[in-house]
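Novice: Sharing a structure here in structure tokens format.
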Amino acid sequence: MLVELSIKQFAIIEQLTVSFDKGLTVLTGETGAGKSIIIDAIGLLLGGRGSAEYVRYGEKRAEIEGLFILEPKHPAFAKAEALGIQADDGMIVLRRDVTNQGKSICRINGKLVTLGILREIGQSLVDIHGQHEHQTLLHKEQHLSLLDHFAGHPLETVLDEYKELYKQYLALERQLAQLTENEKEMAQKTDLFQYQLKEIEAANLEPGEDKRLEAERLKLANAEKLFKSVHDAYNNLYGEGRGLEWINNALTHIEDASSYDPELGKLQQHVQEQYYLLEEAMFTLRDYLDKLEFDPTRLEMIESRLHELQKLKRKYGDSVDAIVEYASTIEEQLDSILHKDDRIKQLEQSLETMRLDLEVESAALTNIRKQIAMELTESIHEQLRALYMEKTSFEVKFHETAEGKKPFRENGVDDVEFYLSTNPGEPVKPLAKVASGGEISRIMLALKTIFSNHQGVTSVIFDEVDTGVSGRVAQAIAEKIRHISVGSQVLCISHLPQVAAMADTHLYISKKEVGGRVTTEVRALKDEEKVEEIARMIAGVEMTELTKEHAKELLDLATSIKCNH
């Protein structure tokens, strides 16, 4: 959920920090005080379209920052990790600066990101729903996913099996497409692969050959330096007055001393062991010198061979092993091309078998979805009845293709869209085309009541979605918004006293003049202040004791509803 929001130099807001809690937070205040500006700031923080007009007059930039605390398995963490963004302690911090030149600077947990990345992660955190905005539920592309979420576990197993089969089907299709390319291209590939294989085979490569030859070349090219270094090391150990003689003398003295102090016996043994080790090293150096020889002819052969290998590396790989592996790959491809008719026939048979399997799996998906669609339809109708829209019809349509045969896609063959009719006798129409203000507010609330737990967002924001309703409908909307907020977070700008009465936290937005400039303030209302504000919302300009009593009744009713739920 959104825990804290910081806004600086944004529109009429000079500097503002607001903390939010779980449950329902209602923002109220006079028109023009800055309620929608706060929601605009959140929208910008989530990747909305920016503009220099958002920057407070006379300032260089507007700054917006939001702290979100999420569940450990929230999808935003996986997205952040995939982008190399570190997310510790279950927190994500989004920040966006907009300059007075219209440029945006976006950060997630302190790391600079593109606006697209900010939008991708931001939209998984908060769902902002305004009166005239196209939100997730209005997008036809999202309807199948929402239906599947509503289905839950019964659908997951079948869908996973279908997806795995579909992945294999696509792989076979790609193989078949490669083999059925035009004849000219296939002939060119055949000639190229045959030439490459012939060149690689002619080189008679041995695995690791280049590494071994490079090591031998290093030794032969530096034979003189190598001989001198080993010879000097040998002489430093062996001979009169050399290393081994001095150590042997030291050993004799320690042996004499140990006859007077037995504790030196261990030291004598240790020095004696080191003497034998050095003596063995001296013999090894002597044998190495005896075998060491410089062969210019061999060096020339190695240089020639490495030059040949280097030419092959430039074409086929950065090592002999990589060249051998490349040869194996093109040999398989060449074999497929030369026997492509047999391979094509084999692939076509496999594809046909897999296509039949996909038809069975997709049919199973469709059957489950149609059953779930009926359950969803009943749930939506139940929600709409509670919002006094008992004559509204909701329908989940499964679109058919003109040919009758549907193409396989990642999630099956189903093309699903939500349809609605708000008037008796009228045909249902696509949800996106339902445009009546008061009606669409209730429809969206009904849908969000059902889907709010399936969309993955941590917060839902309603920006004056209750416009155009009153009376018993207003009370029903208030109860729906309250229902959505249970166990989650809902921020709601409202002009309805019924909604304000349901608030767990009531924030009052006001503006004041400081230094000749208007700025916005936010404060949480206490119990008595809530009564005053709700009474103002009921009465408008003139407030009486009767409106205060009415406000108290609304608050008491809201408390009763919360306790019952």
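Novice: Rounded, prolate or oblate: which fits the range 497-546 when a ≥ b ≥ c are the square roots of the eigenvalues of the alpha-carbon gyration tensor, with rounded for a/c under 1.5 and prolate only if a/b beats b/c?
Specialist: Working: a/c = 2.72, a/b = 1.58, b/c = 1.73.
Note, shape of the range 497-546 comes out oblate.
Novice: Also, I was wondering about something else. At R0 = 56 Å, how high is the FRET efficiency between V514 and A177 if r is their beta carbon distance? Nearest 0.05 is fine.
Specialist: Numbers: r = 69 Å, r/R0 = 1.22.
Working from the Cβ atoms, E equals 0.25.
Novice: I would also like to ask the following. What does the charge count around T114 come to, taking other residues whose C-beta lies under 12 Å from its C-beta (Lys +1, Arg +1, Asp -1, Glu -1)?
Specialist: Cβ neighbours under 12 Å give a net charge of +3.
Novice: Another question, then. Among P296, Y419, G66, pick out the residue whose Cα is farthest towards the positive end of the charge dipole of the chain, where Lys and Arg carry +1 and Asp and Glu carry -1 on C-beta, about the Cα centre.
Specialist: In the chain, that residue is Y419.
Novice: Hey, what did the range 209-318 get for relative contact order, percent, Cα under 8 Å, at least 6 apart?
Specialist: 39 percent
Novice: One-quarter of the Cα convex hull surface for the range 256-403, in nm²?
Specialist: Here the figure is 31.6 nm², rounded to one decimal.
Novice: Here is a follow-up. Which lysines, if any, have their Cα less than 20 Å from the Cα of K228, not counting same-chain residues under 8 positions apart?
Specialist: Answer for K228, where 20 Å is the Cα cut-off: K219, K291, listed by chain and number.
Novice: Multiply the residue gap between V93 and L170 by 0.36 nm, knock off their C-alpha separation, and tell me the result in nm, one decimal place.
Specialist: Here the answer is 23.8 nm.
Novice: Among DSSP bridges having both ends in the chain, what percentage is antiparallel? Round to the nearest 5.
Specialist: For the chain, the DSSP antiparallel bridge percentage is about 70.
Novice: If the cut-off is 20 Å between C-alpha atoms, which lysines fall inside it for K552, apart from same-chain ones fewer than 8 positions away?
Specialist: Leaving aside lysines fewer than 8 places away in the same chain, those within reach of K552 are K526, K530, K562.
Novice: Could you pull out the pairs from K163/K391; K8/K512; K22/K511; K79/K140; K79/K163; K22/K433 whose alpha carbons sit more than 28 Å apart here?
Specialist: As for pairs spanning more than 28 Å Cα to Cα, those are K163/K391; K22/K433.
Novice: Then there is this: Roughly how many Å is it from the Cα centre of the range 513-565 to that of the range 259-283, as a whole number?
Specialist: A separation of 96 Å, based on Cα centres.
Novice: While we're here: Label the range 156-273 by shape, choosing from rounded, prolate and oblate, from the square roots a ≥ b ≥ c of the eigenvalues of the Cα gyration tensor; if a/c is under 1.5 it is rounded, and otherwise prolate applies when a/b is larger than b/c, oblate when it is not.
Specialist: Since a/c reaches 1.5 but b/c is at least a/b, the shape of the range 156-273 is classed as oblate.
Novice: Oh, and also: Calculate the dipole size of the range 209-318 relative to its Cα centre from +1 charges on Lys and Arg beta carbons and -1 charges on Asp and Glu beta carbons; express the result in debye to the nearest 20.
Specialist: It comes to approximately 980 debye.
All of the numbers you see were taken from the coordinates with simple rules; none came from a lab. Please read these numbers as outputs of a predicted model, since none were measured by experiment. Because the Cβ atoms are built from the backbone with ideal geometry, glycine has one as well, and the counts that use them run over all protein chains shown.
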